[in-house]
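Notes for the one structure printed next.
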Amino acid sequence: TDCSNYKEERYSNLSLCMEILEENDYYKISNYIHYLIGEYNDELGNDILEYLNENDNYETYTKVIDLCRLFAVSTSCWKVFEFIISKVDENDKILNEIDCLLFDTGVVSGEYGIANSFNNKYLFFKSLKPKDKKLKRFVSEEIKRFKTLYQDEKNRRDKSIIKDETKYKLENNKVDD
């Protein structure tokens, strides 16, 4: 198909996903989401922003947050979160939901996997320069939170590594004796 038809089809499928979410049928949507609209990417993010602009209301914000949760995305859909954050009150529960989505580390690997995930989110937020006062406060809080999470997780992992190495050395010294 040509590019414009593909975009129209993807947007139409996104609208269908939102209707299914409206029916609270999360099982059904989770089974079909990747088939209907694929993986989350910038193009889909732009479609979601277009959908938000056309359906600018609180109910749509919550459905989009649910959709993002199903994609298990965090910082990759920042533009979508940014739109929603700029529309809701500071003490709104939807900010907590966004905060939880941002906390999701996804799949991690290596000794410092979780710490590295927190550090990447810290660096991501540090690179943002929001203009909206509410967004600035939210980003500032996230910078502090992920910096602390990174440092705590790294320190915890460092202590664990030292403990494991000491235990290993002690066990090997007993074997050698």
Within region 113-136, work out how many residues are of a type outside the set (D, E, K, R) and open to solvent by 60 Å² or more (accessible area, probe 1.4 Å).
5
Of the residues in region 30-40 that are in contact (Cβ under 8 Å) with a residue 24 or more places away in the chain and of a type outside the set (Gly, Ala, Ser), the one that is surrounded by the fewest Cβ atoms within 10 Å (Cβ to Cβ) is Glu39
Residue check, Ile85 open to solvent by less than 90 Å² (accessible area, probe 1.4 Å) and within 30 Å of Ile161 (Cβ to Cβ):
no
Can you name the residue in region 143-170 that is modelled with pLDDT of 90 or more and either outside any helix (DSSP H, G or I) or open to solvent by less than 50 Å² (accessible area, probe 1.4 Å) (or both) and, of all such residues, is farthest from Glu82 (Cα to Cα)?
Glu153
Qualifying positions in region 41-58 - loosely packed, with under 15 Cβ neighbours inside 10 Å and hydroxyl-bearing (Ser, Thr, Tyr):
Tyr58
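The values are calculated or read from the model by the stated rules, or taken from the named source; none is laboratory data. None of the values given here were measured: they were computed from a predicted structure. Cβ atoms come from the backbone with ideal geometry, glycine included; neighbour counts cover every protein chain shown. With ligands, DNA and RNA removed, areas are computed over all heavy atoms of the protein, side chains included. Shrake-Rupley method; radii C 1.70, N 1.55, O 1.52, S 1.80 Å.
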